[in-house]
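This report refers to the structure that appears directly beneath it.
Just so it is clear, none of the values below were taken in a lab; they were calculated from the coordinates. Keep in mind that what you see is a predicted model, and the values were worked out from it rather than measured. Using ideal geometry, Cβ is built from the backbone for each residue, glycine included, and neighbour counts are taken over all protein chains shown.
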Amino acid sequence: MNSWLRALDRANTKDELVAQARDFCALLHPRDLAALPEDVRAIRIDEPDDIPRLRTRLAACGALARERAFDSEKVGDLVSYIEHADARLDQISERPGV
């Protein structure tokens, strides 16, 4: 997980950040997300705005997922990763010319 977070930190543009987030989410197996509501399991990250949108959706159902899952480690990893990606997106957005 740490290497994925470091890759986010190395992203210098929104496009790089979106690509990193898309790659991370592509590795998640549907059974890893089974504790999430069905509409949240269909993760698509195609543009920068998808990252904060997913963060909001995960925050709204994260506690429920932790209650329902026997092993919510993957859901927890996803939540942590998307929170980090969203914070990094804010940093990149603050730079002039990006």
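Structure data summary
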| item | result |
| --- | --- |
| Cα principal axis extents for the range 2-94, largest first, Å | 37, 23, 18 |
| Chain lengthening between S93 and A59 when straightened (0.36 nm per residue, less Cα-Cα) | 10.0 nm |
| Over the chain: helical MRE at 222 nm, DSSP H runs n ≥ 4 each giving -39500 (n - 2.57), nearest 500 | -22000 deg cm²/dmol |
| 0 to 90° range, to nearest 10: angle between helix 50-68 axis and the chain longest Cα axis | 20 |
| The chain, relative contact order [Cα under 8 Å, separation at least 6], % | 36 |
| Paramagnetic label zone (point 7 Å from Cα along Cα-to-C-beta, S80; backbone N under 19 Å) in the range 24-42 | 24-29, 32-36 |
| The chain: angle of helix 14-26 to the longest principal axis, Cα-based, in degrees nearest 10 | 20 |
